[in-house]
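I have placed the structure first, in the form of structure tokens, so that the comments after it can refer back to it.
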Amino acid sequence: MPNPNFNFLQSLTDKTDIIAKDTGSFLVKFFHYLALFVIGAAIVWGAAFEFLAMVEKGAASIEDILLLFIYLELGATVGIYFQTNHMPVRFLIYVAITALTRLLLKYVNDWQELTFEVLIVCGSILLLSGSIFVLRYASHTYPSDKK
């Protein structure tokens, strides 16, 4: 004859497991959304201050405009991640290419100091561009969603 205390304890254990899993899932999702909102707010805040600095300066250089594009790409990355829960690696590579382009423009503005840094930055941009090509080709040829 089954022990009624054992059935009660097993039922209590099962309910505790369900509550713990649900609570854990809620906390993970809550932290996930909170972190996305904080990152998004930081991007908007940083972009707003950079824009205000440009307005105060009275002019926008190409480096300033590229910095705003970096903020835009980071915001798009957060937005896409918020909607799909997938990190679009291509957008992060676009951010890196834009940042390297910004650095390249700083080097080019100092013509008297040109050294191998320009070649290194150009090679890095070329390597990142190639990686985008590989990612796009791989995602087109080998899609992750099987239909």
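Residues of the stretch 54-64 that are surrounded by 12 or more Cβ atoms within 10 Å (Cβ to Cβ) and out of contact with any helix residue (DSSP H, G or I) (no Cβ under 7 Å at 6 or more places or on another chain): Ser61 alone.
Test Ile80 against the criterion of being aliphatic (A, V, I, L, M), without any contact (Cβ under 8 Å) to a residue 24 or more places away in the chain, farther than 16 Å from Leu135 by Cβ and in a helix (DSSP H, G or I), and give yes or no. No, not satisfied.
Checked against (1) surrounded by 16 or more Cβ atoms within 10 Å (Cβ to Cβ); (2) among the hydrophobic types (A, V, I, L, M, F, W, C); (3) more than 19 Å from Val44 (Cα to Cα), Ile70 meets all criteria but (3). Among the numbered conditions (1) surrounded by 14 or more Cβ atoms within 10 Å (Cβ to Cβ); (2) assigned to a loop (DSSP other than H, G, I, E, B), tell me where Pro143 comes up short. That leaves (1) as the condition not met. Annotation: Thr23 fulfils all but one of (1) surrounded by 11 or more Cβ atoms within 10 Å (Cβ to Cβ); (2) more than 23 Å from the chain's Cα centre (by Cα); the unmet one is (1). Is it the case that the stretch 96-106 has a residue that's more than 30 Å from Tyr33 (Cβ to Cβ) and surrounded by fewer than 16 Cβ atoms within 10 Å (Cβ to Cβ)? Scanning the stretch 96-106, I find at least one residue that is more than 30 Å from Tyr33 (Cβ to Cβ) and surrounded by fewer than 16 Cβ atoms within 10 Å (Cβ to Cβ), so the answer is yes.
Values in this text are rule-based calculations from the coordinates and carry no lab data. Here the structure is a predicted model, which is why all the values come from computation and not from measurement. Backbone-built Cβ (ideal geometry, glycine too); neighbour counts: all protein chains shown.
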